[in-house]
Amino acid sequence: MKNTLPKFLRRFTLLVGIFGVMFYSEDSFAQRKKKKDAKNAATTTAPAKPANGKGPKPYKEVITKEAESKDGLFKVHQIDEKYFYEIPDSLFGRDMLMVTTIAKTADGIGYGGERTNTLMLRWEKDEDNVLLRVVSVDNYAPDSLPIAMAVKNSNLEPILQRFEVKSKATDSTGTVIEATDLFAKDVPALGLQRNRRTQYRVQRLDAERSYIEHIHTYPINIEARYVMTYAAQNPPSNSTTGLITLEMNSSMVLLPAEPMMQRLSDRRVGWFSRSYVDYGADAQKAESRRYLDRWRLEVKPEDMEKFKRGELVEPKKQIVYYIDPATPKKWVPYLKQGVEDWQKAFEAAGFKNAIIAKEAPTPEEDPTWSPEDARYSVIRYFASDIQNAYGPHVSDPRSGEIIESDIGWYHNVMNLLRNWYFIQTAAVNPDARSVQFKDEVMGRLIRFVSAHEVGHTLGLPHNFASSNAYPVEKLRDAEFTKEMGTAPSIMDYARFNYVAQPEDEGVSLMPDVGPYDKYAISWGYRPIPEASTPEEEQAILDQWIMEKQGDPVFRYGRQGNSYDPTTQSEDLGDNSMEASEYGIANLKRIMPNLMEWTAEEDKPFKDFSDLEEMYGQVLGQFNRYMGHVRTHVGGVMEVYRASGQDEPVYTHNSKEMQKSAVSFLNENLFATPDWLMDDQIIARTGDFGALERIRGLQVGALNGILEWGRLGRVIENEAINGDEAYNISELFDDLRSGIWGELAGGRAIDVHRRSLQRAHIERLELMLTGDEPNLPAAFRRFAGPQINASQSDIRPIARGELKTLQRQINAAIGRTSDRMSKLHLEDLSERIDMILDPQ
C-alpha cells in the first residue's frame with residue numbers, strides 16, 4: 001500500500017500502551033543533526049587515549065578480552081557486571097519503543113507480564129555523549145505552518161539518560177557506551193510505577209540488592225531483564241523486611257523506517273486506536289486524529305488484479321504465532337486452533353492463510369530461535385496460579401502498525417474455565433458435571449479463550465453489545481446457535497450458554513469467531529486500492545458501516561458503560577429478565593447435585609474445598625443475574641452514530657422493562673431465595689457466614705438500585721419523557737411493595753428479610769443526609785456527570801418514603817404476633833424517629 005504520510009509523521013511510536021499515544025515531529029532538529037553528522041564523520045577514527053584520561057578511549061581498552069559479546073540490533077558486551085552497547089551510526093536518530101513489563105512480581109503487586117510503561121525513544125550523539133531521549137508524540141503541526149514553532153517549543157524531548165562515549169567501534173561506524181546504569185540504577189520510567197511508589201511509601205532503590213539478570217540482543221530488539229529491590233515503609237507483603245523486590249523486563253524494539261499508511265478509526269466499529277492532536281488541521285480548534293492499531297497486511301503486487309476480482313490472496317507477510325515450548329503438549333493443538341479460527345475472518349477481508357500458528361522450533365532445528373526475539377509473536381505459557389490470560393500488542397504510534405505480540409497464558413486459567421463451564425452448563429451438559437474435565441473438553445475451552453486473546457492482538461477490544469444481539473429464545477435453538485454461535489462476537493464476555501435448558505438437545509454452548517468479528521476484521525484490514533490517503537479511505541469505510549446500521553449483530557458497544565443494559569459483561573440475549581430466569585432454573589438443577597458432582601470416585605479422602613468453591617460459584621453466578629437485571633433500572637442505551645445520521649445516540653430504557661426488572665428482583669432476590677441455603681452444603685463448607693452471604697447479595701442489589709447516578713437518570717428520564725418514563729415515585733412504590741410485603745398482613749418476617757429491611761432504612765437515611773462521593777478530577781471523566789443530591793428530588797423522596805414506612809410499620813406492630821418480628825418493627829420505628837428528628 002502506498003505510504004502517504006508526510007515526512008514529519010514518519011517518526012512516531014507508542015508511548016503509553018494501547019490506550020494512548022504521544023506525538024513528535026523531528027524536523028525541528030534536522031539542520032542541527034546535519035551539522036552533527038558532518039562533525040561525527042570527521043572523527044570516525046578511534047582516538048588515542050587522551051592525555052588527561054577523559055573522553056573516548058581505544059576500543060581494546062574498553063571492550064577487553066574478558067568481554068562476552070553478542071551481535072544484534074546493537075552489539076552487547078558484558079564484562080563482569082557491566083554491560084556496554086555498541087550503537088551503529090545508522091541507528092542514531094531512528095525511532096524505537098521501550099516496553100517495560102513486570103516479569104516476576106512481589107505478592108500484591110500486579111501480575112507477571114503486566115505492562116508498566118511504553119516509551120518512544122531516540123538515541124542521539126552530542127559531542128562526547130550519547131543522549132537517550134523520550135520522544136513526545138502527542139502534538140503535531142506541519143513545519144510549513146507558523147504554528148509548528150509553537151508546537152515544537154511546547155514539546156521539548158526529555159533526556160531519559162546521558163551516557164559518556166567510551167570508544168568508537170573498530171570499523172569507526174559505531175559508538176560504545178556503558179549501559180549498566182540504565183537498568184541497575186533507579187530510572188523511574190523503567191521501574192516501579194509512581195502510583196505504587198506512593199502507595200507502598202517507597203523511599204529508595206537498594207543498590208546492593210538490585211542487579212541486571214541479563215541483556216540479550218536480537219536483530220530488531222534488545223531485552224534487558226533486571227531485579228529491582230526497593231526500601232519501602234508499607235510493602236504489600238513480607239512487611240517485616242521493609243523491602244519490595246521485582247523482576248522487570250524492558251524490551252527496546254526498532255520501528256520500521258517507513259511507517260505504513262494509517263486507517264482512521266470510527267467509534268461505530270470497535271477497535272484499539274491511538275491519537276495525536278493535529279494543530280495543522282483546518283479546524284478552529286485543536287483537532288484530534290485517531291487511527292487503528294493493526295498488522296501490516298498487504299496484497300502482493302502480482303496478486304492485485306486477483307484481489308480486485310474478489311479472489312482470495314495470500315498477504316505479503318503472514319501473521320504467525322508460535323507456541324511456547326514450555327506449553328504442555330496436549331494443549332498445543334487447541335491453542336493453535338484458537339489462532340487459526342481467525343482465518344475465516346481474514347477471508348472476509350480478502351486474504352487466505354493470513355494468520356497461522358506454529359510450534360516453536362527445537363534447539364536442534366533452530367538454535368538461534370528465542371521467544372524474546374521481537375520478530376516472533378509467541379503464546380507464552382506461565383506456570384502460575386493466576387487465573388488469567390491476556391493479549392497485548394506492541395504498536396507503532398506513527399501509523400498504528402502492530403509490530404509483535406506475546407500472549408500471556410497462565411496455567412491456572414484452566415481453573416477459571418472449569419468453574420465457568422461447570423456453573424453455566426452442567427445442568428444441561430454431562431461433560432461439565434465434574435471438577436476434572438476430560439482433556440478434549442478442557443481443550444475446547446482453551447481454544448475458545450485462545451481465540452478471544454488473539455482477537456485482542458489483532459486490534460479488537462471487547463464488544464459488550466454483542467451478547468445482546470440475539471433473542472433469548474434463539475439461544476435455545478440448536479440450528480440457530482450452530483450457525484450463528486451464542487453471540488455474534490467472541491470478543492464479548494458472553495462465556496457459555498446458561499439459557500439452554502435440558503430439553504434443548506444439540507444447542508451450542510459457547511461463542512465462536514462470529515459475524516461481527518468477520519465484519520470488524522474486514523472493515524479494519526481489507527485493502528482499499530482505489531484510495532491513496534486515509535481521508536480517501538474514510539468515505540468507503542463509512543459506506544461499509546452504513547450497510548450494517550440497524551442490525552444488532554453488527555453493533556459495537558464499549559466496555560465499562562455501567563448504565564447501559566445492552567452492553568453488560570457475562571450476559572446473554574436481548575432480555576435480562578428472561579435470560580436470568582432460565583439461568584436460575586439451571587442453578588436450581590445444579591444445587592441438589594453439587595455434592596455428587598464435586599466428589600471424585602478415585603479420591604475418597606479428599607476434603608470439601610471443591611464443593612466450597614463451586615457453591616461460591618453458584619452464588620456468584622446468581623449475583624451476576626441480579627446485576628444484569630438491576631442495570632435496567634435507570635438504564636440508558638448507547639448506540640454510536642455519525643453526525644449525518646438522524647437516530648439518537650442515547651435512549652432511555654422503556655418503562656415496561658424497568659418495572660419488569662424491579663418485579664423480577666422482588667420475586668427472585670428480595671423474597672428470600674431459600675433454595676440457596678442448602679443445609680448439607682453449608683454443614684460441609686463453613687461454621688459461619690451463610691446468612692451473611694445471602695444478606696450481601698440482597699443488600700448489594702438494593703444499594704445498586706438506590707445509587708446516586710442511577711436515581712439521577714431516573715429523574716432525568718421523567719423530566720425528558722414525562723408520563724412515558726418510569727418515574728422515581730413508581731420505583732420507590734414498587735420497591736416498598738416487594739421489600740415490606742409482610743406489613744399489611746402482620747406476617748412473621750424471617751431473618752433474611754429483617755436484614756434487608758434494615759438495609760433499606762439505612763440506605764434511605766444516607767439518601768436523606770449524605771451526598772454522592774466527590775470523585776477526584778482524574779476519575780470524573782470516566783464516571784460521568786455527578787448529581788447534586790441536596791438540590792435534587794432525592795432528598796424529598798427519601799424523606800417521604802421514611803414517613804410512609806413509619807406509618808405502615810407502626811400499624812403492623814399490633815398485628816404481628818411473632819416476637820422477633822415485633823421487636824424488629826419496634827426498633828425500625830425508633831430508628832426512623834431518630835433519622836427524621838435527630839434532636
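Just a yes or no: is a residue in segment 370-386 touching a residue at least 60 places away in the same chain (Cβ under 8 Å), in contact with a helix residue (DSSP H, G or I) (Cβ under 7 Å, 6 or more places away or on another chain) and within 30 Å of Leu475 (Cβ to Cβ)?
Just the residues of segment 370-386 that are touching a residue at least 60 places away in the same chain (Cβ under 8 Å), to begin with: 370, 372-375, 377, 379-380, 382, 384, 386.
Checking the rest, the ones that are also in contact with a helix residue (DSSP H, G or I) (Cβ under 7 Å, 6 or more places away or on another chain) come to 379.
Then keep just the ones that are within 30 Å of Leu475 (Cβ to Cβ); that gives none.
Taking every residue of segment 370-386 in turn, none turns out to be touching a residue at least 60 places away in the same chain (Cβ under 8 Å), in contact with a helix residue (DSSP H, G or I) (Cβ under 7 Å, 6 or more places away or on another chain) and within 30 Å of Leu475 (Cβ to Cβ).
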### Query
Is it true that Val253 is under 26 Å from the mean Cα position of the chain (by Cα) and not aromatic (Phe, Trp, Tyr)?
yes
### Query
Taking segment 68-83 on its own, how many of its residues are out of contact with any helix residue (DSSP H, G or I) (no Cβ under 7 Å at 6 or more places or on another chain) and in a strand (DSSP E or B)?
8
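Restricting the search to segment 735-751, which residues are surrounded by fewer than 20 Cβ atoms within 10 Å (Cβ to Cβ) and at pLDDT 95 or above?
First, pick out the residues of segment 735-751 that are surrounded by fewer than 20 Cβ atoms within 10 Å (Cβ to Cβ): 736-738, 741, 744-748, 750-751.
Those that are surrounded by fewer than 20 Cβ atoms within 10 Å (Cβ to Cβ) and at pLDDT 95 or above: Arg736, Ser737, Gly738, Gly741, Arg747, Ala748, Asp750, Val751.
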### Query
Using beta carbons and a limit of 6 Å, which pairs, at least six apart or on different chains, have the first residue in segment 104-133 and under 30 Å from Thr175 (Cβ atoms) and the second one in a loop (DSSP other than H, G, I, E, B) and acidic (Asp, Glu)?
Arg133/Glu157
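Scan segment 651-706 for residues that are under 16 Å from Gly634 (Cβ atoms), hydroxyl-bearing (Ser, Thr, Tyr) and in a helix (DSSP H, G or I) and report the count. Before you say what the answer is, go through the steps one by one.
Step one: filter segment 651-706 for residues under 16 Å from Gly634 (Cβ atoms), giving 651-665, 701-706.
Okay, now just the ones that are also hydroxyl-bearing (Ser, Thr, Tyr), so 651, 654, 660, 663.
Okay, now just the ones that are also in a helix (DSSP H, G or I), so 660, 663.
Number of matching residues: 2.
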### Query
Does Ile386 fit the bill of being surrounded by fewer than 20 Cβ atoms within 10 Å (Cβ to Cβ), of a type in the set (A, V, I, L, M, F, W, C) and assigned by TED's automatic domain parsing to the domain that holds Gly514?
yes
### Task
Just give me the residues in segment 222-263 being in contact with an Asp or Glu (Cβ under 7 Å, 6 or more places away or on another chain) and either surrounded by 18 or more Cβ atoms within 10 Å (Cβ to Cβ) or within 30 Å of Arg290 (Cα to Cα) (or both), in sequence order.
Glu223, Arg225, Tyr226, Thr229, Tyr230, Asn249, Ser251, Leu255, Pro256, Pro259, Met260, Arg263
### Query
Got at least one residue in segment 400-407 being modelled with pLDDT of 90 or more and either over 19 Å from the mean Cα position of the chain (by Cα) or not assigned by TED's automatic domain parsing to the domain that holds Gln318 (or both)?
yes
### Message
Whether any residue in segment 679-692 is surrounded by 14 or more Cβ atoms within 10 Å (Cβ to Cβ), under 27 Å from Phe732 (Cβ atoms) and assigned by TED's automatic domain parsing to the domain that holds Ser729 is what I want to check.
### Response
no
### Query
Does any residue of segment 627-644 turn out to be outside the structural domain of Pro565 (by TED's automatic domain parsing), at pLDDT below 95, out of contact with any Lys or Arg (no Cβ under 9 Å at 6 or more places or on another chain) and of a type outside the set (Phe, Trp, Tyr)?
yes
### Task
Taking Gly741 as the residue in question, decide whether it is assigned to a helix (DSSP H, G or I) and not β-branched (Val, Ile, Thr).
no
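Which strands (runs of 3 or more DSSP E) does segment 89-134 wholly contain that include 3 or more residues that are charged (D, E, K, R) and more than 30 Å from Asn238 (Cβ to Cβ)?
Details: elements: 95-104, 115-126, 129-134.
Fully inside segment 89-134 and qualifying: 115-126.
When you scan segment 552-563, do you find a residue that is among the aromatic types (Phe, Trp, Tyr) and within 24 Å of Thr425 (Cβ to Cβ), even just one? Steps first, please.
Of all residues in segment 552-563, those among the aromatic types (Phe, Trp, Tyr) come to 554, 556, 563.
Checking which are within 24 Å of Thr425 (Cβ to Cβ) leaves us with none.
The answer is no, given that none of the residues of segment 552-563 is among the aromatic types (Phe, Trp, Tyr) and within 24 Å of Thr425 (Cβ to Cβ).
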### Query
Which helices (runs of 4 or more DSSP H) sit wholly inside segment 291-360 and have at least 2 residues that are over 28 Å from the mean Cα position of the chain (by Cα) and either hydroxyl-bearing (Ser, Thr, Tyr) or more than 21 Å from Met414 (Cα to Cα) (or both)?
304-308
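If the requirement is being touching a strand residue (DSSP E or B) at 6+ places or on another chain (Cβ under 7 Å) and not in a helix (DSSP H, G or I), which of these qualifies: Arg398, Arg375? Spell out the reasoning first.
On the way: Arg375 fails: touching a strand residue (DSSP E or B) at 6+ places or on another chain (Cβ under 7 Å).
Arg398 is the lone residue from the list that is touching a strand residue (DSSP E or B) at 6+ places or on another chain (Cβ under 7 Å) and not in a helix (DSSP H, G or I).
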### Query
Yes or no: Val629 part of a helix (DSSP H, G or I) and over 21 Å from Phe464 (Cβ atoms)?
no
### Task
Can you run down the residue pairs with Cβ atoms below 8 Å, 6 or more apart or on separate chains, where the first is in segment 746-760 and farther than 12 Å from Arg695 by Cβ and not assigned by TED's automatic domain parsing to the domain that holds Ser817 and the partner is surrounded by fewer than 19 Cβ atoms within 10 Å (Cβ to Cβ) and among the small types (Gly, Ala, Ser)?
none
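Hey, among Tyr563, Tyr519, which residue is touching a helix residue (DSSP H, G or I) at 6+ places or on another chain (Cβ under 7 Å) and more than 30 Å from Leu665 (Cβ to Cβ)? Give the derivation first.
Numbers: Tyr563 fails: more than 30 Å from Leu665 (Cβ to Cβ).
Residue meeting the stated conditions: Tyr519.
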### Message
For the list (1) buried (at least 20 other Cβ atoms within 10 Å of the Cβ); (2) in contact with a helix residue (DSSP H, G or I) (Cβ under 8 Å, 6 or more places away or on another chain), I need the number of the one condition that Asn717 fails.
### Response
(2)
### Query
In segment 350-382, which residues are surrounded by fewer than 20 Cβ atoms within 10 Å (Cβ to Cβ) and more than 27 Å from Met252 (Cβ to Cβ)?
Lys352, Asn353, Ile356, Glu359, Thr362, Glu364, Glu365
### Query
Looking at segment 473-512, which of its residues are over 27 Å from the mean Cα position of the chain (by Cα), in a helix (DSSP H, G or I) and surrounded by fewer than 24 Cβ atoms within 10 Å (Cβ to Cβ)?
Glu473, Lys474, Arg476, Ala478, Glu479, Phe480, Lys482, Glu483
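Output the number of residues of segment 232-274 satisfying the condition of being free of Cβ contacts under 8 Å to residues at least 60 places away in the same chain, outside any loop (DSSP other than H, G, I, E, B) and closer than 22 Å to Glu114 by Cα. Talk me through it step by step, then tell me what you get.
Initially, segment 232-274 is screened for residues free of Cβ contacts under 8 Å to residues at least 60 places away in the same chain, giving 232-234, 239-243, 265.
After this cut, where a residue has to be outside any loop (DSSP other than H, G, I, E, B) as well, the list is 232, 239-241, 243.
Of the ones still in play, those that are also closer than 22 Å to Glu114 by Cα are 232, 243.
The qualifying residues number 2.
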### Task
Give the residue that is surrounded by the fewest Cβ atoms within 10 Å (Cβ to Cβ), with candidates limited to residues of segment 513-535 that are in contact with a strand residue (DSSP E or B) (Cβ under 8 Å, 6 or more places away or on another chain), part of a helix (DSSP H, G or I) and of a type outside the set (Phe, Trp, Tyr).
Glu535
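On the basis of being polar (S, T, N, Q), surrounded by fewer than 19 Cβ atoms within 10 Å (Cβ to Cβ), in contact with a strand residue (DSSP E or B) (Cβ under 7 Å, 6 or more places away or on another chain) and modelled with pLDDT of 95 or more, does Ser69 make the cut? Walk me through it before giving the result.
Details: polar (S, T, N, Q): yes; surrounded by fewer than 19 Cβ atoms within 10 Å (Cβ to Cβ): yes; in contact with a strand residue (DSSP E or B) (Cβ under 7 Å, 6 or more places away or on another chain): yes; modelled with pLDDT of 95 or more: yes.
Considered against the rule, which asks whether it is polar (S, T, N, Q), surrounded by fewer than 19 Cβ atoms within 10 Å (Cβ to Cβ), in contact with a strand residue (DSSP E or B) (Cβ under 7 Å, 6 or more places away or on another chain) and modelled with pLDDT of 95 or more, Ser69 comes out as yes.
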### Query
What's the number of the condition Ala169 fails, among (1) crowded, with 17+ Cβ neighbours inside 10 Å; (2) modelled with pLDDT of 95 or more; (3) under 19 Å from Thr64 (Cβ atoms)?
(2)
## Note on the structure
Within segment 423-444, the count of residues that are buried (at least 22 other Cβ atoms within 10 Å of the Cβ) and closer than 16 Å to Pro511 by Cα comes to 2
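Return yes when His652 is in contact (Cβ under 8 Å) with a residue 60 or more places away in the chain, touching a Ser or Thr at 6+ places or on another chain (Cβ under 9 Å) and either of a type outside the set (Gly, Ala, Ser) or under 30 Å from Met577 (Cβ atoms) (or both) and no when it is not. Spell out how you get there, then give the answer.
On the way: in contact (Cβ under 8 Å) with a residue 60 or more places away in the chain: yes; touching a Ser or Thr at 6+ places or on another chain (Cβ under 9 Å): no; either of a type outside the set (Gly, Ala, Ser) or under 30 Å from Met577 (Cβ atoms) (or both): yes.
No; evaluated as a whole, the condition is false for this residue.
The values are calculated or read from the model by the stated rules, or taken from the named source; none is laboratory data. None of the values given here were measured: they were computed from a predicted structure. Backbone-built Cβ (ideal geometry, glycine too); neighbour counts: all protein chains shown.
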